[in-house]
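First comes the structure, then the notes that go with it.
The values are calculated or read from the model by the stated rules, or taken from the named source; none is laboratory data. Predicted model, so just to flag it, every value in this text is computed and none were measured. Every residue, glycine among them, receives a Cβ derived from its backbone with ideal geometry; neighbour counts consider all protein chains shown. Calculation scope for accessible area: heavy atoms of the full protein, side chains included, ligands and nucleic acids excluded. Shrake-Rupley method; radii C 1.70, N 1.55, O 1.52, S 1.80 Å.
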Amino acid sequence: LLTLVAHPLTSAALARLEHPTETLAAWPVAYMVLLVIRGGPLALQEISVAVGEDPIGRRVLSRFTWLIGIGCSFVAVCAYIPQVFAVYADGVLHLPVHLQSMARQVVGLCFLLPLVTALGSTLRGELVANGSTKTVYRSMAISLTVLGVALVLGVLLRLPGMLVASGAMMASALVEYLYLAHGVKRVGRSTQG
């Protein structure tokens, strides 16, 4: 539920910034491209839960997490190339060129999002496997709060819409990852002690 609130919050902020019609038309395209690229990293949570008690499996998953995160971030970099992005945006969606440029900008600014998503998903799975679901829920609430604050600041400062959306999405994912990493360390210390 918390995750589903993020998209309308971002749209509400974009509607209050310059060129709302264009940004609101380009934003869903960029969001969906990033969501597809992040599909593999998002699935790592379930794998992490499955190998939660297996030390060998966790080591293998750790390497795989970095591999899939870097690989999907590389795909985001490739998707930023105008000719590559146009295959989908123009060939499938028939999105006007000026909107393609706006949507591409988000993909370029969020090229590290798949890596952060992969790392966060694996940590989230570890916490679920250890029964620390409260930490997971808190991290999601913190992520949503950071997103909201970043969007409000972007609106108040009248920053460009796609920069606001990209920055808010990256900031919320990064803060969530850092909170999850701290939670995993705390759980590790309590199980050792």
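Only one residue in 56, 68 is β-branched (Val, Ile, Thr), buried (at least 17 other Cβ atoms within 10 Å of the Cβ) and out of contact with any His (no Cβ under 7 Å at 6 or more places or on another chain), so which one is that? Write out each step before concluding.
Working: 56 fails: buried (at least 17 other Cβ atoms within 10 Å of the Cβ).
Every option except 68 fails the conditions.
Here residue 112 fulfils each of the conditions (1) among the hydrophobic types (A, V, I, L, M, F, W, C); (2) closer than 28 Å to residue 20 by Cβ; (3) open to solvent by less than 40 Å² (accessible area, probe 1.4 Å) apart from (3).
Looking at the stretch 76-182, the helices (runs of 4 or more DSSP H) lying wholly inside it that each contain 1 or more residues that are under 20 Å from residue 39 (Cα atoms) and of a type in the set (Asp, Glu) sit at 113-129.
All told, residue 180 meets the bar of being of a type in the set (A, V, I, L, M, F, W, C), within 20 Å of the chain's Cα centre (by Cα) and at pLDDT 95 or above.
Taking the conditions (1) surrounded by 15 or more Cβ atoms within 10 Å (Cβ to Cβ); (2) under 13 Å from residue 165 (Cα atoms); (3) modelled with pLDDT of 95 or more in turn, residue 15 satisfies each one other than (1). Taken over the stretch 146-185, the residue count meeting the criterion of being touching a residue at least 24 places away in the same chain (Cβ under 8 Å) and in contact with a Ser or Thr (Cβ under 8 Å, 6 or more places away or on another chain) is 15. Every condition in (1) closer than 17 Å to residue 28 by Cα; (2) within 21 Å of the chain's Cα centre (by Cα) holds for residue 99 except the one numbered (2). When the stretch 1-12 is filtered for residues that are open to solvent by less than 70 Å² (accessible area, probe 1.4 Å) and of a type outside the set (Gly, Ala, Ser), the ones remaining, listed by number, are 2, 5, 7, 9, 10. The residue that is farthest from residue 129 (Cα to Cα), counting only those in the stretch 24-48 that are open to solvent by 60 Å² or more (accessible area, probe 1.4 Å) and in contact (Cβ under 8 Å) with a residue 12 or more places away in the chain, is 24.
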